[in-house]
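Visitor: Take a look at this one; I'll ask things after.
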Amino acid sequence: MDNHKEGQRKPLILVVEDIPESMFRVCNILQEEGYGLAMAENGRQALAMVPEARPDLILLDIKMPGMNGYEVCEQLKKNPNTKDIPIIFLTISSGTAEIVKGFATGAVDYITKPFNKEELLSRVKTHLDLKFAREELKELNATKDKFFSIIAHDLRNPLQCLILYADSLHNDYDLLDNDKKKDYIHKFYNNTGLIAALLENLLEWSQSQQGIIEPHPKKIDLHALAAENIDLLKDNAKKKNITVSSQVKPETFAFADNNMIRTVIRNLLSNAVKFTNPGGKVEISTAISTKGNSVDITISDNGVGISAEDIDTLFRIDVKKKQNKGTANEKGTGLGLILCKEFVEKNNGSIRAASEPGKGSHFTFTLPRFPQK
């Protein structure tokens, strides 16, 4: 069983060992198997490295000067950001008390030194497989929960509003003044638009999850896609007196699936308009990488911005996020950015966000550039 998906980075293992000979032997064995490696000579160095390196598994010596392996393990398990990293202890003793103490501090396994190559690789592979399986199960559960949330809340609420406004217009039309009629019709219009956007994103997302939608990369014209999507959003932008412009130069091409990237640009531009104050500006631009083999597409706005803590969870389906309304109380579908991430990554690209509350946001996704002549 190997849960490491093809195309992802190779698993990274942090080896924490204060004896150079032992460190050398462990690293040689792991390197021959193609694992990524990080090394620390003591406990404090390991604790400093883990947050940035984000290893998939840690091989941790128990007896080290200064801070022993038990103390390192306890510190890692107390931290929500590192508690799920599997830790295998390296020990010169197979005594019951030491082994029990290791499991009590949070280790998943132990290897007694001196060890043989087959044992080391077998235990490492087993716990990496378990880690990737847990992560996949967590993502599947999050996907299921998201579907239920959409059906139970995101779809039900606007439908209930439609029923309410339709009932009032049907039964009390002659009793309503013109302002009330206009208000109900306006709200009816907004909710039907929300439902349409939600169902479109939901359909595309569900097809993507089932593998029904697969990318068919070809030469795509980013200049034309930008203009097309700006035209689609011009009515929404006009209502808020927002200027939406394109700085994408003609003859700017990427190598990707045209329909998927159209969806990505549409969602990002729509979000930018939604969270920009009346009279604000939204812009789409591109930049070619220094090596010339990729192109960055950036959608910028001078809107309300996003907090640092929310930035980290924008593209994660496994984190429940509060549904913020737009600057004109527009509601979101909750799926747009997740769909953007999936579609960009299916086209061998990546997506990221930068923002400052009160000053606006920048969403940038990178795609392979169409080969130049």
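Visitor: In region 31-46, which residues are under 18 Å from Gly69 (Cβ atoms), more than 25 Å from the chain's Cα centre (by Cα) and not basic (Lys, Arg)?
Guide: If the condition is that a residue be under 18 Å from Gly69 (Cβ atoms), more than 25 Å from the chain's Cα centre (by Cα) and not basic (Lys, Arg), then Met39, Ala40, Glu41, Asn42, Gly43, Gln45, Ala46 are the ones that fit.
Visitor: Which one is surrounded by the fewest Cβ atoms within 10 Å (Cβ to Cβ), of the residues in region 243-264 that are in a helix (DSSP H, G or I) and out of contact with any Cys (no Cβ under 9 Å at 6 or more places or on another chain)?
Guide: Asn259
Visitor: Looking only at region 68-85, which residues are charged (D, E, K, R) and in contact (Cβ under 8 Å) with a residue 24 or more places away in the chain?
Guide: Within region 68-85, Glu71, Glu74, Lys77, Asp84 meet the criteria.
Visitor: Now, a different point. For the subset of region 165-189 comprising residues that are in contact with a Leu (Cβ under 8 Å, 6 or more places away or on another chain) and in a helix (DSSP H, G or I), which member is surrounded by the most Cβ atoms within 10 Å (Cβ to Cβ)?
Guide: It comes out as Tyr184.
Visitor: Just to be sure I understand, how many residues within region 286-313 are in contact with a Lys or Arg (Cβ under 9 Å, 6 or more places away or on another chain), surrounded by fewer than 20 Cβ atoms within 10 Å (Cβ to Cβ), within 26 Å of Thr252 (Cβ to Cβ) and free of Cβ contacts under 8 Å to residues at least 60 places away in the same chain?
Guide: Looking only at that region, the number is 1.
Visitor: Which of (1) over 20 Å from Arg134 (Cα atoms); (2) touching a residue at least 40 places away in the same chain (Cβ under 8 Å) does Met23 not meet, given it meets every other one?
Guide: Of everything listed in (1) over 20 Å from Arg134 (Cα atoms); (2) touching a residue at least 40 places away in the same chain (Cβ under 8 Å), Met23 misses just condition (2).
Visitor: Now for a separate question. What number of residues within region 65-81 are in contact with a strand residue (DSSP E or B) (Cβ under 9 Å, 6 or more places away or on another chain) and either of a type in the set (Ser, Thr, Tyr) or at pLDDT below 90 (or both)?
Guide: Residues in region 65-81 being in contact with a strand residue (DSSP E or B) (Cβ under 9 Å, 6 or more places away or on another chain) and either of a type in the set (Ser, Thr, Tyr) or at pLDDT below 90 (or both): 1 in total.
Visitor: Would you be able to tell me the number of residues in region 211-242 that are surrounded by 13 or more Cβ atoms within 10 Å (Cβ to Cβ), free of Cβ contacts under 8 Å to residues at least 40 places away in the same chain and either assigned by TED's automatic domain parsing to the domain that holds Glu200 or not in a helix (DSSP H, G or I) (or both)?
Guide: 1
Visitor: If you scan region 155-191, which residues turn out to be over 38 Å from the mean Cα position of the chain (by Cα) and among the aliphatic types (A, V, I, L, M)?
Guide: Correct list: Ala166, Leu169, Leu175, Leu176.
Visitor: Pick out the one residue from Ile85, Ile111 that is crowded, with 17+ Cβ neighbours inside 10 Å and under 17 Å from Leu12 (Cα atoms).
Guide: Going through Ile85, Ile111 in turn, just one is crowded, with 17+ Cβ neighbours inside 10 Å and under 17 Å from Leu12 (Cα atoms): Ile85.
Visitor: Residue check: is Met49 surrounded by fewer than 20 Cβ atoms within 10 Å (Cβ to Cβ), assigned by TED's automatic domain parsing to the domain that holds Thr126 and in contact with a Cys (Cβ under 8 Å, 6 or more places away or on another chain)?
Guide: When the stated conditions are applied, Met49 does not pass them.
The values are calculated or read from the model by the stated rules, or taken from the named source; none is laboratory data. This structure is a prediction, so every number in the text was calculated from the model and none was measured. Positions of Cβ are generated from backbone atoms using ideal geometry, with glycine treated the same way; all protein chains shown enter the neighbour counts.
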